[in-house]
Amino acid sequence: MINSTTYDVAVIGAGSAGLQAAQTLGRMHQSTIVISNDRYRNDPTGHMHNFLGHDGAAPAELRLAARKDAEAYADVRFLDVVGAGVTRISGELGAFVLEVDGEPDVQARRVLVAAGVRDTLPDVPGIAENFGDLVAHCPFCHGHEYAGTRVGILGAAPHVAAMASMLLPVAVERVVLTHGATLDEATAAGLARTGASVVTTPVADVRKAGDGLIVTLTDGEEVALGGLFVKTAWQPSSPFAEQLGLATSEVGAIRIDALGRTSVPGVYAAGDLAQGPELPMPMASVLVAAAMGQVAASACVQDAALARIA
Ligand SMILES: Cc1cc2nc3c(=O)[nH]c(=O)nc-3n(C[C@H](O)[C@H](O)[C@H](O)COP(=O)(O)OP(=O)(O)OC[C@H]3O[C@@H](n4cnc5c(N)ncnc54)[C@H](O)[C@@H]3O)c2cc1C
């Protein structure tokens, strides 16, 4: 079944990227539908940091306030869906069709993909339970909360040396837990230079103890930490890049230009799943995602306006 309305823009996602895009589009009287299945990357955490005016706020509070802002504009409609949400996007500039789980298809002239990414955590017992609190992946989001403690870094890839160096001013002591893997020479030398210690025995499990964590190694030894950094493997939440034939980056993000346009006319992207020019990876934060949403929405408006006078 197809809904007879054709929206100017369909925004997929109501995280910070999608919500800011909705506000920008609403202010410019673009008929907009925002479709979300209510799953957010920062669901595991109760506190959000490094965001002006909202440092330490609950992510859900910010989203609620942002949604109220967007809903105040008559041209913005939210479609809250359960299950898989948007399952397929097809079509072309001026005539996109979005198939939505359990709902009639949605038609839109342009599509703004703000559907975020999903993290896969290292397969170590206790990591998932503590992720977003005593286990984190981003020192800008959580590093300060571990200040003055011994901080662990799980992994053996080259990033661990940079992470240990970054945490030098924050942590009292830094321990790299290679989980049985061997460090390459350059990484080992970098860690030695920054004064981090290295434990190579595999990790058996991680558990919360008081305000911190206890990491138990497979030989029974225990390492007490104030916090632990892990690297997550992430992937886009939904396969829209493949469905639409969007160009992607080496790390699997949707390639966008400086204005949030993808390689396919009429398709824009914003937030954690999108990577701008010159960047080595998506700059994943709530504030950056919101800014990207605003830029991509502005580009939608401008492109539509220019098309009308061409
Ligand atoms: C544990 C953790 C803690 C973090 N802490 C911080 C922090 O303190 N500060 C900070 O700045 N950043 C933090 N981040 C990063 C931050 O969460 C992201 O940068 C930000 O949420 C990205 O916003 P987004 O709008 O791109 O995606 P999201 O917020 O993940 O939103 C994605 C949206 O797309 C929707 N969606 C996805 N697929 C579909 C579909 N098929 N159909 C319909 N809807 C769909 C979802 O329902 C959701 O509405 C943290 C991340 C993690 C994992």
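The values are calculated or read from the model by the stated rules, or taken from the named source; none is laboratory data. In this text the structure is predicted, and so the values were computed from the model without any measurement. Counting neighbours? That spans all protein chains shown, and the Cβs are built from the backbone with ideal geometry, glycine included.
Among the numbered criteria (1) more than 13 Å from the ligand (Cβ to nearest atom); (2) of a type in the set (Lys, Arg); (3) assigned to a loop (DSSP other than H, G, I, E, B), which one does LYS231 miss?
If we test LYS231 against (1) more than 13 Å from the ligand (Cβ to nearest atom); (2) of a type in the set (Lys, Arg); (3) assigned to a loop (DSSP other than H, G, I, E, B), just (1) comes out false.
Can you pull out every residue in the stretch 82-105 that is under 20 Å from GLY245 (Cβ atoms), hydrophobic (A, V, I, L, M, F, W, C) and within 11 Å of the ligand (Cβ to nearest atom)?
VAL86, ILE89, LEU98
What is the residue count in the stretch 111-123 for residues that are within 8 Å of the ligand (Cβ to nearest atom) and polar (S, T, N, Q)?
Count: 0.
Being in contact with an Asp or Glu (Cβ under 8 Å, 6 or more places away or on another chain) and either assigned to a helix (DSSP H, G or I) or within 16 Å of the ligand (Cβ to nearest atom) (or both) is the filter here; which residues of the stretch 268-310 pass it? Reasoning before the result, please.
Restricting attention to the stretch 268-310, the residues satisfying the condition of being in contact with an Asp or Glu (Cβ under 8 Å, 6 or more places away or on another chain) are 276-277, 282, 284, 289, 300, 304.
Answer for the stretch 268-310, where residues must be in contact with an Asp or Glu (Cβ under 8 Å, 6 or more places away or on another chain) and either assigned to a helix (DSSP H, G or I) or within 16 Å of the ligand (Cβ to nearest atom) (or both): GLY276, PRO282, ALA284, ALA289, CYS300, ALA304.
Pick from the stretch 244-256 the residues that are over 17 Å from the mean Cα position of the chain (by Cα) and within 16 Å of ALA114 (Cβ to Cβ): which of them is surrounded by the fewest Cβ atoms within 10 Å (Cβ to Cβ)?
It comes out as LEU246.
Is it the case that some residue within the stretch 8-19 is of a type in the set (Ser, Thr, Tyr) and assigned to a loop (DSSP other than H, G, I, E, B)? Quick ask: steps written out before the conclusion?
First, pick out the residues of the stretch 8-19 that are of a type in the set (Ser, Thr, Tyr): 16.
Among the residues that remain, those that are also assigned to a loop (DSSP other than H, G, I, E, B) are: none.
No, the stretch 8-19 has no match at all.
When the residues of the stretch 75-110 are filtered to those that are assigned to a loop (DSSP other than H, G, I, E, B) and closer than 19 Å to ALA270 by Cα, which remaining residue is nearest to the chain's Cα centre (by Cα)? If you could, list the steps in order and put the result at the bottom.
We begin by selecting, within the stretch 75-110, every residue assigned to a loop (DSSP other than H, G, I, E, B); these are 75, 81-85, 93-94, 101-102.
From what's left, closer than 19 Å to ALA270 by Cα: 85, 93.
Values: GLY85: 18, LEU93: 27 Å.
Filtering the stretch 75-110 for residues that are assigned to a loop (DSSP other than H, G, I, E, B) and closer than 19 Å to ALA270 by Cα, the one nearest to the chain's Cα centre (by Cα) comes out as GLY85.
Could you list all residues from the stretch 283-299 that are crowded, with 22+ Cβ neighbours inside 10 Å, more than 12 Å from PHE51 (Cα to Cα) and in contact with a Ser or Thr (Cβ under 8 Å, 6 or more places away or on another chain)?
Within the stretch 283-299, GLY293, ALA297 meet the criteria.
Could you grab me the full set of residues in the stretch 111-169 that are among the small types (Gly, Ala, Ser), farther than 27 Å from SER36 by Cα and either assigned by TED's automatic domain parsing to the domain that holds GLY46 or part of a helix (DSSP H, G or I) (or both)? Break it down stepwise before answering.
First, the residues of the stretch 111-169 that are among the small types (Gly, Ala, Ser): 114-116, 126, 128, 132, 136, 143, 147-148, 152, 155-157, 161-162, 164-165.
With the extra rule that they be farther than 27 Å from SER36 by Cα, the set shrinks to 126, 143, 147-148, 152, 155-157, 161-162, 164-165.
Listed by number, the residues that qualify are GLY143, ALA161, ALA162, ALA164, SER165.
Residue by residue through the stretch 201-225, note down the ones that are among the polar types (S, T, N, Q) and assigned to a strand (DSSP E or B). Spell out the reasoning first.
If we filter the stretch 201-225 for residues that are among the polar types (S, T, N, Q), which is where we start, we get 201, 216, 218.
Answer for the stretch 201-225, where residues must be among the polar types (S, T, N, Q) and assigned to a strand (DSSP E or B): just THR216.
List, please: which pairs have Cβ atoms under 7 Å, are six or more places apart or on different chains, and start with a residue in the stretch 31-49 that is under 18 Å from LEU287 (Cα atoms) and end with one that is of a type in the set (A, V, I, L, M) and within 6 Å of the ligand (Cβ to nearest atom)?
Listed by first residue and then by second, the contacts come to ASN42/MET48; MET48/VAL286.
Inspect the stretch 207-221 for any residue being surrounded by 16 or more Cβ atoms within 10 Å (Cβ to Cβ), assigned by TED's automatic domain parsing to the domain that holds VAL97, more than 12 Å from the ligand (Cβ to nearest atom) and not hydrophobic (A, V, I, L, M, F, W, C) and give the result as yes or no.
No, every residue in the stretch 207-221 fails to be surrounded by 16 or more Cβ atoms within 10 Å (Cβ to Cβ), assigned by TED's automatic domain parsing to the domain that holds VAL97, more than 12 Å from the ligand (Cβ to nearest atom) and not hydrophobic (A, V, I, L, M, F, W, C).
Listed here are the residues, each with its yes/no results for (1) in the same structural domain as GLU99 (by TED's automatic domain parsing); (2) buried (at least 16 other Cβ atoms within 10 Å of the Cβ); (3) of a type in the set (Lys, Arg); (4) within 11 Å of the ligand (Cβ to nearest atom).
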position	(1), (2), (3), (4)
ASN37	yes, yes, no, yes
MET48	yes, yes, no, yes
GLY53	yes, no, no, no
ALA58	yes, no, no, yes
GLU61	yes, no, no, no
ALA65	yes, no, no, no
ALA72	yes, no, no, no
ASP80	yes, no, no, yes
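ARG41: of a type in the set (D, E, K, R), surrounded by 20 or more Cβ atoms within 10 Å (Cβ to Cβ), within 11 Å of the ligand (Cβ to nearest atom) and assigned by TED's automatic domain parsing to the domain that holds PHE240, yes or no?
Working: of a type in the set (D, E, K, R): yes; surrounded by 20 or more Cβ atoms within 10 Å (Cβ to Cβ): yes; within 11 Å of the ligand (Cβ to nearest atom): yes; assigned by TED's automatic domain parsing to the domain that holds PHE240: yes.
Answer is yes for this residue.
Here is a check on your reading of the model: is GLY126 at positive phi, touching a residue at least 12 places away in the same chain (Cβ under 8 Å) and within 13 Å of the ligand (Cβ to nearest atom)?
No.
Going by the structure shown, is GLY85 in contact (Cβ under 8 Å) with a residue 12 or more places away in the chain and either small (Gly, Ala, Ser) or surrounded by 22 or more Cβ atoms within 10 Å (Cβ to Cβ) (or both)? Walk me through how you get there before you give the answer.
On the way: in contact (Cβ under 8 Å) with a residue 12 or more places away in the chain: yes; either small (Gly, Ala, Ser) or surrounded by 22 or more Cβ atoms within 10 Å (Cβ to Cβ) (or both): yes.
Here the answer is yes, as GLY85 does meet what is asked.
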